[in-house]
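Here the structure comes first, spelled out in structure tokens, and everything after it is commentary.
Coordinate-derived values only; no laboratory data. Since this is a predicted model, take the numbers as computed values, not measurements. A quick note on method: Cβ atoms are made from the backbone with ideal geometry, for glycine too, and the neighbour counts reach across all protein chains shown.
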Amino acid sequence: MTSSKMERFPLNDKTYDLISIMHHKSKALAAYEGYLSDVQADTHLTQILVEIKHDELRHLEKLKAHLGRLLVENKAE
């Protein structure tokens, strides 16, 4: 990223992309709540969705930790 581009937008592409991914994962987690209430009568599907939601949450936590590292790196630059 050129210095003039950095002056206009202080996040590098990698950091911006990571934040975007986290945003979409967060929206997906919210959507799973609605899906889970729609399928309450189907225990098997409920278990599948709970497992997927748990995985998404775990992935989001890993991304958050990495974002912290990226922000420290960006500050040092």
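Take segment 42-60 and flag every residue that is under 16 Å from residue 30 (Cβ atoms) and surrounded by 11 or more Cβ atoms within 10 Å (Cβ to Cβ).
Answer for segment 42-60, where residues must be under 16 Å from residue 30 (Cβ atoms) and surrounded by 11 or more Cβ atoms within 10 Å (Cβ to Cβ): 49, 50, 52, 53, 54, 56, 57, 59, 60.
Scan segment 17-30 and give yes if some residue there is within 30 Å of residue 73 (Cβ to Cβ), of a type in the set (Asp, Glu), assigned to a helix (DSSP H, G or I) and under 20 Å from the mean Cα position of the chain (by Cα), otherwise no.
yes
From the list 70, 49, which one is touching a residue at least 12 places away in the same chain (Cβ under 8 Å), assigned to a helix (DSSP H, G or I) and more than 18 Å from residue 16 (Cβ to Cβ)?
It is 49.
Would you confirm whether or not segment 59-76 contains a residue that is among the hydrophobic types (A, V, I, L, M, F, W, C) and farther than 20 Å from residue 11 by Cα?
no
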